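Encoded as structure tokens, the structure appears first; notes follow it.
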Amino acid sequence: MSTHSFSVLTLPAEQLSNLNELGYTEMTPIQEASLPAILQGQDVRAKAKTGSGKTAAFGIGLLNSITVSQFVAQALVLCPTRELADQVSKELRRLARFTQNIKILTLCGGQSIGPQNESLVRQPHIVVGTPGRIQEHLRKGSLKLDDLKVLVLDEADRMLDMGFSEDIEDVVSYTPQSRQTLLFSATYPDGIERISSKFQREPLKVEIEGED
Ligand code: ADP
Ligand code: MG
């Protein structure tokens, strides 16, 4: 067994065989550096270039935190754009193939709100979306985050670039203090330090070398 194998982690056997079927035979460096801490519930702030496997790093972590028999939102992934949110949802569904009855919902702007409201009648386990639309649902009460366990800020640098700071702050105010907060970014502009210190508790800082 390679030391980079996912089987060094404490994961359900179904997840290990699923990863194998997906062709994920070894952890990527960012996964290897962040997953042990993520699976222990620690906050992590991770920097690694595009294409390095950041989605599975937080995805495997959040899937492990979810109780499927509880129909409440337990994980939220904030992304800068609809395209990125769709990509994250797609990867999460691949990683969750072994999990029966798990509901993953994508909520982004630029799409009509009616069908989103209907999808929220039964709360999903995992929500992936853009900050503005998530904020809208929280304000109306159609989405509830009182039982949130894991918050992910994905592509945090791009969200800051796009001016989402205040929206993110508002969304975070609807989540419990007890949550785990994971921040992933390809670069670390100044603003990252600020939002990390605001929203994270003693995060493990992981940086994988390589230009974006
Ligand atoms: P990032 O978010 O860092 O830009 P992604 O999470 O989108 O990167 O992953 C890039 C690609 O790598 C995806 O196609 C994904 O399926 C693949 N991938 C992720 N982890 C592994 C792994 N451990 N082994 C093989 N491929 C992987
Ligand atoms: Mg990514």
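No lab work stands behind these numbers, since they all come straight from the coordinates. Computed from a predicted model, the values in this text were never measured in an experiment. With ideal geometry, Cβ positions are generated from the backbone for all residues, glycine too; neighbour counts draw on all protein chains shown.
List the longest stretch of the chain that has no exposed loop site; here a site is one of the GluC sites (Glu not before Pro) assigned by DSSP to anything other than H, G, I, E or B, with at most 16 other Cβ within 10 Å. Segment 27-208 is the longest. Taking θ as phi - 60° and the Karplus parameters 6.51, -1.76 and 1.60, the scalar couplings of region 196-212 work out to 5, 6, 6, 10, 10, 10, 6, x, 6, 9, 10, 10, 9, 5, x, 6, 7 Hz in sequence order, x denoting glycine and proline.
From helices alone, the chain scores -12000 deg cm²/dmol at 222 nm; the rule is -39500 (n - 2.57) for each run of n ≥ 4 DSSP H residues, then divide by the residue total.
Find the relative contact order for region 46-115 and round it to a whole percent, using C-alpha pairs within less than 8 Å whose residues are 6+ positions apart. Dividing the mean separation by the residue count of region 46-115 yields 33 percent.
Pairs of Cα atoms nearer than 8 Å and 6+ residues apart set the relative contact order; for region 6-199 it is 25 percent.
Taking Cα centroids, how far is region 57-76 from region 82-110 in Å? Computed from Cα coordinates, the inter-centre distance equals 12 Å.
Expressed as a whole percent, the proportion of Cα-Cα pairs in region 6-199 lying more than 29 Å apart is 16%. Residues considered: SER142, SER69, SER119. Largest GNM mean-square fluctuation over the chain, using C-alpha springs under 10 Å, is found at SER69.
Computed over region 117-197, the percent of Cα pairs more than 16 Å apart is 51.
Charge dipole of region 6-199 (Cα centre as origin; +1 on each Lys and Arg Cβ, -1 on each Asp and Glu Cβ, all else neutral): 360 debye, rounded to the nearest 20.
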